[in-house]
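The values are calculated or read from the model by the stated rules, or taken from the named source; none is laboratory data. Small disclaimer: the values here were computed from a predicted structure and weren't measured. Here the Cβ positions follow ideal geometry from the backbone for every residue, glycine too, while neighbour counts run over all protein chains shown. Surface accessibility is based on the protein's heavy atoms, side chains included, excluding ligands, DNA and RNA. Shrake-Rupley method; radii C 1.70, N 1.55, O 1.52, S 1.80 Å.
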Amino acid sequence: MSVSRIPARVSTRAALAGGIVLSSVVLLSGTAFAHVSVQPQGEAAKGGYATVNIKVPNERDNASTVKLEVNFPLDHPLASVMPQPVPGWKAEVTKSKLDKPLELHGKKINEAVSKVTWTADGSGIAPGFFQTFPLSLGQLPEDVDQLVLKSIQTYSNKEVVRWIEEQKEGAEEPQNPAPVLKLSAASDDHHGGGATAPSATATASAGEKAGHDGKAGDHEEKTAAASSSSSSSDTTARILGVIGILVGVAGVAFGVLAGRRRSA
């Protein structure tokens, strides 16, 4: 039975064509996911404060991003929106009057930030690069699970991309989705930033209790020392056991080799 062989030249061409197709798919999928997005640094809990990054990739190979506008919903207003300085960019905060005043820390606020605009002082975001724009936000609303931050990206060739399409449940991702900040469940620490350290009062109380109850402290130290000693003993025993097993295996192997030599 004869087996036909594929010429090496044909095989090489097929492999090359396959590589080109695969590269094209990877590049297209990469471009599809290169959206303006918002990412919290740590936790963005309801009713708390958070620091977030607006991530802006450059999707064009013949122009730079020179301007970004991020809009904030006034139906769930934020009393405080503060941009962090970014080298090469000028930030402008725009406030709008609220139909319903917002109460924060016992004070009524009649206006809130509706937009932050960054404008490049230099060349902006070059092709093949991205830039992050940090923001401090608060107080986050407690009656929603997310904030939609519709954004507008402007390129040096005057092209404008509007990232304003909202994701509908069960539907495919829109072509220009708006950045969405997901809010986690409310925490006791409304200033955000994760777990807090014990308060000075709690630390002082613990110190006083330890000072007035020396016997309890000595007992805890002895218990800890005994536990440490027991752990150390267990570890030593395990090491010795492993060594014993290795020595036993080596002895058996030596005996087998010696028997073979005698037989020979």
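Summary table below
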| read-out | value |
| --- | --- |
| Top-ranked residue of the range 40-62 - restricted to ones that are assigned to a loop (DSSP other than H, G, I, E, B) and closer than 30 Å to residue 156 by Cα, ranked as most open to solvent (accessible area, probe 1.4 Å) | 61 |
| 1 or more residues in contact with a Lys or Arg (Cβ under 7 Å, 6 or more places away or on another chain): qualifying strands (runs of 3 or more DSSP E) within the range 63-113 | 65-71, 89-104 |
| Qualifying residue in the range 119-126 (condition: open to solvent by 50 Å² or more (accessible area, probe 1.4 Å), in contact (Cβ under 8 Å) with a residue 24 or more places away in the chain, within 17 Å of residue 65 (Cβ to Cβ) and of a type in the set (A, V, I, L, M, F, W, C)) | no |
| Extreme residue, nearest to the chain's Cα centre (by Cα), among residues of the range 160-181 that are surrounded by 13 or more Cβ atoms within 10 Å (Cβ to Cβ) and assigned to a loop (DSSP other than H, G, I, E, B) | 179 |
| Among the residues listed as 29, 2, 24, the single one being among the polar types (S, T, N, Q), open to solvent by 90 Å² or more (accessible area, probe 1.4 Å) and modelled with pLDDT under 55 | 2 |
| The range 143-159 - residue that is part of a loop (DSSP other than H, G, I, E, B) and not charged (D, E, K, R) and, of those, nearest to residue 74 (Cα to Cα) | 149 |
| Answer from 73, 77, 40 - the residue that is under 20 Å from the mean Cα position of the chain (by Cα) and not acidic (Asp, Glu) | 40 |
| Condition met for residue 75 (closer than 24 Å to residue 158 by Cβ and among the acidic types (Asp, Glu)) | no |
